[in-house]
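Engineer: This is the structure I want to talk about, given as structure tokens.
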Amino acid sequence: MEKERYTILVIDDEEPIRRLLQKELATDLREVLTAADAGAAREMIRKHWFDVIIMDLRLPGVHDLDLLIEIKDSLPHIEVVVITGHGDIDSAVKAMKLGACDFIAKPFNLDRMDLVVQKAHQRVRLSRENTILRHSSGLDQAPVQFIGNSQAVRDIKFLINKVSPARIPVLITGESGAGKDVIARLIHQNSVCSAKPMIVKNCASLQKDLARSELFGHVKGSFTGATESREGLMAYAHESTFFLDEIGDLALGIQASLLRVLETQTFRKIGEKEERKVNIRFLFATSRNLAEEVEQGNFNEALFHRINAFNIHMPPLKERKEDIPLLVDFFLASLSPDRIAYQVVDKAMDCILRYSWPGNIRELRNVMERSIILAENAIITERCLPRELLSASEDTHAPLTLESVERRHILKILNFFDGNRQKTAETLGISRKTLYRKLSQYSLG
Ligand SMILES: Nc1ncnc2c1ncn2[C@@H]1O[C@H](COP(=O)(O)OP(=O)(O)O)[C@@H](O)[C@H]1O
Ligand SMILES: [Mg+2]
């Protein structure tokens, strides 16, 4: 199990108990801070990130269980261990009902306290890892391969090496399928946050009404339907990398709040007055032309300048065709189910090189995957390639199927709008959902 540093807060009005717990519970990996009353505790909670809180149930300045309720309401992910008076089983039971994870009666045994704290932290960690897993590239965290030797790719590798260790936000631009995700993951892997998972959110997938809450979190009762408090992704991205994909799709109102996070490294949950400090490395990607979006009033100008301070642009595959043979070899080797060495005959390679690759590397990968299946004796001929690759090189092709015409037309419109799916769907007269389905059906999404 990986060791993780964490901080606990001890809230007790008795100075000897605070001192004892601080001294006995602190380890190399565990920092212990203390607070003597509810006011000091609130202040601490605002300024620091705690995983576990140990609190005396009777504190001056608050009514019995109120502070516990307050903590569980605003920071549900924190586990609270309560210290109760000797024999005060009643309040212990009440505290557990209100969300405390365990209780310890005075006078307490330090070994047991230590164990209870460790267990509480383990629970916090597991639930955080679960959430992060749901929002990060998850199992996809294997080292990424960045294939290519064109001047463009070499320049980008240079930029990635330079910018990775810095904390500056990076905007990665390029057509769909050009490799923006790959670049983001490489930056994260080479950064100081590489030990932590990168949080990834595609802004196009944010639900309109819930977007703000998903990013920033909310406190219970802050809007209709907010029956529970919730941590936002900002909290989970703390001390790591937050990759906001398709940033051009983020609602304007939220763009302003995001700008604030970038400028002050603080954010505010919905319904909370206090700002919280965070330490997040931001990466952004878009297939849109953000400068144009700014001009049309669709994108916050200040945010654009802020995130565009460091831009990495991946040119489309058709502008760096010298990378194609390397990528073909790479995909044949990595996708081959049985480690067979596949060969591409010259004529098929000609078609691959001549094609315009509107879906970029993603399309190339899909074509190679398909051709491996169709290959006989591990030899890839033109017959293993999809029709649109052949028609690019030959005029005497067989009649097209309706599907391949549809695929080509969708690609044409998608490229016309710089990958903007909203406009593409509108122009084609289909819903965004249908467009997404078709993109995935044609291996373009
Ligand atoms: N330089 C590269 N080397 C190897 N694989 C790549 C490279 N660029 C992209 N890919 C692969 O192509 C696919 C599309 O890349 P991705 O980064 O998701 O594109 P984008 O985010 O720009 O739409 C992924 O399967 C990715 O692993
Ligand atoms: Mg992407």
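Engineer: Return P(r) of the chain (all Cα-Cα pairs; 10 Å bins starting at 0; whole %; ordered from short to long distances).
Structural biologist: 4, 18, 24, 21, 15, 10, 6, 2, 0, 0
Engineer: Between G85, A302, L444, whose Cα lies farthest towards the positive end of the dipole of the chain when Lys and Arg beta carbons carry +1 and Asp and Glu beta carbons carry -1, centred on the Cα centre?
Structural biologist: After comparing all options, I get L444.
Engineer: Rounded to the nearest 20 debye, what is the charge dipole size of the chain about its Cα centre when +1 sits on each Lys and Arg Cβ and -1 on each Asp and Glu Cβ?
Structural biologist: I would put it at about 420 debye.
Engineer: Which net charge results for the neighbourhood of T84, defined as the other residues with beta-carbon distances under 15 angstrom from its beta-carbon, given Lys and Arg at +1 and Asp and Glu at -1?
Structural biologist: That sum, taken over residues with Cβ under 15 Å, equals -3.
Engineer: Which whole-number value in Å² is the accessible area per residue of the chain, probe 1.4 Å?
Structural biologist: I get 50 Å² per residue for the chain.
Engineer: When the accessible area of segment 148-314 is computed with all protein chains present and a 1.4 Å probe, what percentage of it is carbon and sulfur?
Structural biologist: 48 percent
Engineer: Let me know the charge dipole size of segment 399-445 about its Cα centre in debye, to the nearest 20, where only the beta-carbon of Lys, Arg (+1) and Asp, Glu (-1) is charged.
Structural biologist: For this selection, approximately 120 debye.
Engineer: Follow-up. Could you check how much of the accessible area of segment 399-445 is carbon and sulfur, as a whole percent, using a 1.4 Å probe?
Structural biologist: 58 percent
Engineer: Which whole-number percent gives the relative contact order of the chain, counting Cα pairs below 8 Å spaced six or more residues apart?
Structural biologist: It rounds to 12 percent for the chain.
Engineer: Count neighbours as other Cβ atoms within 10 Å of each site's Cβ, and list the chymotrypsin sites (Phe, Trp or Tyr not before Pro) in segment 218-287 that are DSSP loop with at most 13 such neighbours.
Structural biologist: Within segment 218-287, the qualifying chymotrypsin sites (Phe, Trp or Tyr not before Pro) (loop, at most 13 other Cβ atoms within 10 Å) are F223.
Engineer: Using the charge dipole of the chain (Lys, Arg: +1 at Cβ; Asp, Glu: -1 at Cβ; taken about the Cα centre), state which of L389, L259, L159 has its Cα farthest towards the positive end.
Structural biologist: Checked the options; the winner is L389.
Engineer: Right, another one. In nm, to one decimal, how far is the T224 label point from the D28 one, both placed 7 Å along Cα→Cβ?
Structural biologist: 5.5 nm
Engineer: Specify the angular offset, from 0 to 90 degrees and rounded to the nearest 10, of the alpha carbon long axis of helix 324-335 from the longest principal axis of the alpha carbons in the chain.
Structural biologist: 60 degrees
Engineer: What distance in nm separates the simple spin-label points at L115 and S440, each placed 7 Å from Cα in the Cβ direction?
Structural biologist: So the label points at L115 and S440 sit 4.8 nm apart.
Engineer: Note the angle between two axes, namely the Cα long axis of helix 110-135 and the longest principal axis of the Cα atoms of the chain, as a number of degrees from 0 to 90, rounded to the nearest 10.
Structural biologist: Orientation of helix 110-135: about 30 degrees from the principal axis.
Engineer: Beyond a 32 Å Cα-Cα separation, which of these cross-linked pairs lie in this structure: K162/K269; K94/K269; K106/K273; K208/K277; K318/K423; K347/K438?
Structural biologist: Exceeds cut-off: K162/K269; K106/K273.
Engineer: Could you list the square roots of 5 times each eigenvalue of the Cα gyration tensor of segment 316-398, that is, the equivalent ellipsoid semi-axes, sorted largest first and rounded to whole Å?
Structural biologist: Calculated on Cα positions only, the semi-axes equal 19, 16, 10 Å.
Engineer: Which Cα, out of I54, V405, L317, lies furthest along the positive dipole direction of the chain (beta carbon charges, K/R +1, D/E -1)?
Structural biologist: V405
Engineer: Right, something else. Using the basic label-point model (7 angstrom from Cα toward the beta carbon), what is the A40 to R58 distance in nanometres?
Structural biologist: Result for the modelled spin labels: 1.9 nm.
The values are calculated or read from the model by the stated rules, or taken from the named source; none is laboratory data. Quick caveat, the model's predicted, so the values are computed rather than measured. For neighbour counting, all protein chains shown are included, and Cβ atoms are generated from backbone atoms with ideal geometry for every residue, glycine included. Surface areas here come from the heavy atoms of the whole protein model, side chains and all, with no ligands, DNA or RNA. Shrake-Rupley method; radii C 1.70, N 1.55, O 1.52, S 1.80 Å.
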